[in-house]
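The values are calculated or read from the model by the stated rules, or taken from the named source; none is laboratory data. Because the structure is a prediction, the values reported are computed rather than measured. All Cβ positions, glycine included, derive from the backbone under ideal geometry; neighbour counts span all protein chains shown.
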Ligand code: G
Ligand code: G
Ligand code: MN
Ligand code: NA
């Protein structure tokens, strides 16, 4: 648990960073939003992956404080971008199960949006299938409240979990994020069929679709033909700190 102690220490000493990865609308090729991704820098210049420390934070309960900080940073970042002439960009924030379980989660999200006077539709929450399946009723209830306030909801890593498709109708979703495993395998029949099926499912349910992990032109072209709405991946941009993101936006002009 040495790592947890370090994480707690670094978090309370303001050493976690929130980076942003652009999300691009395929039709216009314009950046329309970004995903916020935690980074934990180490003294040696390396980073410990969130895939490693988020589970620790979840198990210890630290994720509640970290999650609130992430939401706050995201709201501050939306406002900062607005002031710099980039209004209308959406920020997607990953939310994990203990945050939903925490009493007052819904209100704390709404308070955060109000405190920073962010348009609620510019904030999107990303939840995974496992969060939904863990406690469907509670999660659906919480999401409905957030949705009626105007906050957007995306289902993350879609297709690799064990969700029942019936929940897709009950969830107040706006967007499906197609897991990058299917995009990686787009050149194989299985990847192609699954990706196309998810995009068509989105169309029938009137949900936007975004493909994760897009790394090359062939994948982009295939997704365009299938009618996918948005893309995110190393081909466009890697996750980057706020100053670098601003630079990226300036170059897009
Ligand atoms: O950025 P990277 O690929 O290293 O992220 C690895 C995992 O960590 C992803 O599944 C991502 O959803 C998760 N993650 C990154 N930032 C956050 C965060 O702020 N909150 C939560 N709950 N998960 C995050
Ligand atoms: O699980 P989630 O979708 O929240 O995780 C997003 C993670 O995917 C981030 O850690 C990010 O670094 C990673 N990622 C983003 N774009 C690409 C990509 O094009 N290829 C690969 N392999 N990973 C990516
Ligand atoms: Mn995500
Ligand atoms: Na994902």
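Checked against the criterion of being surrounded by 19 or more Cβ atoms within 10 Å (Cβ to Cβ), under 30 Å from residue 114 (Cα atoms) and touching a residue at least 24 places away in the same chain (Cβ under 8 Å), the candidates 177, 147 yield just one match: 177. Residues that are crowded, with 18+ Cβ neighbours inside 10 Å and more than 14 Å from ligand 3 (Cβ to nearest atom) were ranked within the stretch 156-172; the one that is modelled with the lowest pLDDT is 163.
Of the residues making up the stretch 106-147, those that are within 16 Å of ligand 3 (Cβ to nearest atom) and either under 27 Å from residue 86 (Cα atoms) or not in a helix (DSSP H, G or I) (or both) are 123, 124, 125, 126, 127, 128.
Taking residue 38, is it within 16 Å of ligand 4 (Cβ to nearest atom) and over 18 Å from residue 231 (Cβ atoms)? So residue 38 passes the test. A single entry from 54, 91, 64 fulfils the requirement of being modelled with pLDDT of 95 or more and away from ligand 3 (no atom under 16 Å from the Cβ): 64.
Residue by residue, here is whether (1) surrounded by fewer than 21 Cβ atoms within 10 Å (Cβ to Cβ); (2) under 16 Å from the mean Cα position of the chain (by Cα) holds:
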| residue | (1), (2) |
| --- | --- |
| 37 | yes, yes |
| 45 | yes, no |
| 52 | yes, no |
| 62 | yes, no |
| 71 | no, yes |
| 98 | yes, no |
| 112 | yes, no |
| 125 | no, yes |
| 134 | yes, no |
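The set of residues in the stretch 41-83 being within 16 Å of ligand 4 (Cβ to nearest atom), out of contact with any helix residue (DSSP H, G or I) (no Cβ under 8 Å at 6 or more places or on another chain), assigned to a helix (DSSP H, G or I) and within 14 Å of residue 17 (Cα to Cα) consists of 50, 70.
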